[in-house]
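**Student:** Right, I'll just put the structure down here and ask away after.
Laboratory data are not the source of any read-out in this text; all were calculated from the coordinates shown. Bear in mind that the values here come from a model prediction, so they are computed numbers and not experimental data. For neighbour counting, all protein chains shown are included, and Cβ atoms are generated from backbone atoms with ideal geometry for every residue, glycine included.
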Amino acid sequence: MKLIEDRSDIEVFVNEFYERVKYDSVIQHFFTKERGFSFEQHIPIMCDFWETILLHVPRYSGSPVGKHIVIDKELRMNPEHFERWVSIFNSVIDEFFVGDLATEAKKRADLMRHLMVHKIEYARSNNLIF
């Protein structure tokens with residue numbers, strides 16, 4: 001196990017996370033070609049996202065909340081989906097990394113889980129359109 005120090009470390013956990021997602025019975029259905037999802041396109045974006053969050057390298061700009069609200073309108077995203085996302089994410093971090101940035105990554109993932117659930121539920125109850 002090692003510290004998260006640079007983008008190559010982020011690529012390790014992002015790639016491993018999505019390898020596990022591909023076969024996860026709870027959330028794999030969000031990540032299919034039939035839905036228009038592409039791992040080849042998504043993984044570099046997620047590496048940019050985590051590099052921005054953890055290493056403060058400004059690579060990512062976008063609206064992850066808005067994108068998830070759009071997905072929810074097509075395929076309902078429930079709290080248990082986000083709980084599973086965090087569970088897989090944390091297991092990958094714990095398996096490969098230690099240190100402050102590993103702890104921060106898990107903290108940020110959990111904050112995102114809460115934010116996504118709250119914003120999606122708010123969008124549903126207020127019929128928001130993105």
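**Student:** Estimate the FRET efficiency between His56 and Ile129 by the formula 1/(1 + (r/R0)^6), using the beta-carbon distance for r and 41 Å for R0, to the nearest 0.05.
**Tutor:** Details: r = 33 Å, r/R0 = 0.81.
Calculated value: 0.80.
**Student:** While we're looking at this one, here's another question. Filter the DSSP H helices in the chain by two things, a Kyte-Doolittle mean of at least 0.0 and an axial alpha-carbon span of 20 angstrom or more, and list the hits by number.
**Tutor:** Details: long enough: 7-21 (21 Å, -0.39); 39-55 (22 Å, 0.63); 79-96 (26 Å, -0.19); 100-125 (37 Å, -0.67).
Once both thresholds are applied, what remains is 39-55.
**Student:** Here's another thing I want to ask about it. So if I take the centroid of the Cα atoms in the stretch 26-77 and the same for the stretch 94-111, what is the distance between those two points in Å?
**Tutor:** One Cα centre to the other: 19 Å.
**Student:** Let me know the charge dipole size of the chain about its Cα centre in debye, to the nearest 20, where only the beta-carbon of Lys, Arg (+1) and Asp, Glu (-1) is charged.
**Tutor:** Details: 17 positive and 21 negative charges, 115 e Å.
Using Cβ point charges on Lys, Arg, Asp and Glu, the chain gives about 560 debye.
**Student:** Report, by chain and number, residues whose modeled amide H sits under 5 Å from the one on Val98, excluding near sequence neighbours (fewer than 5 apart, same chain).
**Tutor:** Lys2, Leu3, Ile4
**Student:** When the chain is treated as a GNM, springs tying every alpha-carbon pair under 10 Å, which of Glu16, Glu95, Glu34 comes out with the largest mean-square fluctuation?
**Tutor:** The residue that fluctuates most here is Glu34.
**Student:** So which of Lys2/Lys73; Lys2/Lys33; Lys67/Lys107 end up more than 30 Å apart by C-alpha?
**Tutor:** Numbers: Lys2/Lys73 39 Å; Lys2/Lys33 34 Å; Lys67/Lys107 21 Å.
Result: Lys2/Lys73; Lys2/Lys33 exceed 30 Å.
**Student:** Now for a separate question. Got a sec? Which residues in the stretch 39-77 would a label at Arg20 touch, if it sits 7 Å along Cα→Cβ and we count backbone N under 14 Å?
**Tutor:** Answer for this model: none.
**Student:** On to the next question. Using Cβ counts within 10 Å as a stand-in for footprinting exposure, how do Val86, Val14 rank, fewest first? Don't skip to the answer; put the middle values down first.
**Tutor:** Working: Val86 16, Val14 23.
Neighbour counts put them in this order, fewest first: Val86, Val14.
**Student:** Still on this structure, I have one more. With r defined as the distance between the Cβ atoms of Arg76 and Glu104 and R0 fixed at 35 Å, what FRET efficiency is calculated, to the nearest 0.05?
**Tutor:** 0.70
**Student:** May I ask for the percentage of alpha-carbon pairs in the chain that lie more than 26 Å from each other?
**Tutor:** 19
**Student:** Once the other residues with Cβ under 13 Å from the Cβ of Ile69 are scored (Lys, Arg +1; Asp, Glu -1), what is the net sum? Numbers along the way, then the final one.
**Tutor:** Numbers: positive: Lys67, Lys73, Arg76, Lys119, Arg124; negative: Asp72, Glu74, Glu121.
Surrounding charge for Ile69 is +2.
**Student:** Using a 7 Å offset from the Cα along the Cα-to-Cβ direction at both Thr32 and Val12, what is the distance between the two label points in nm, to one decimal?
**Tutor:** Spacing of the two 7 Å Cα→Cβ label points: 3.3 nm.
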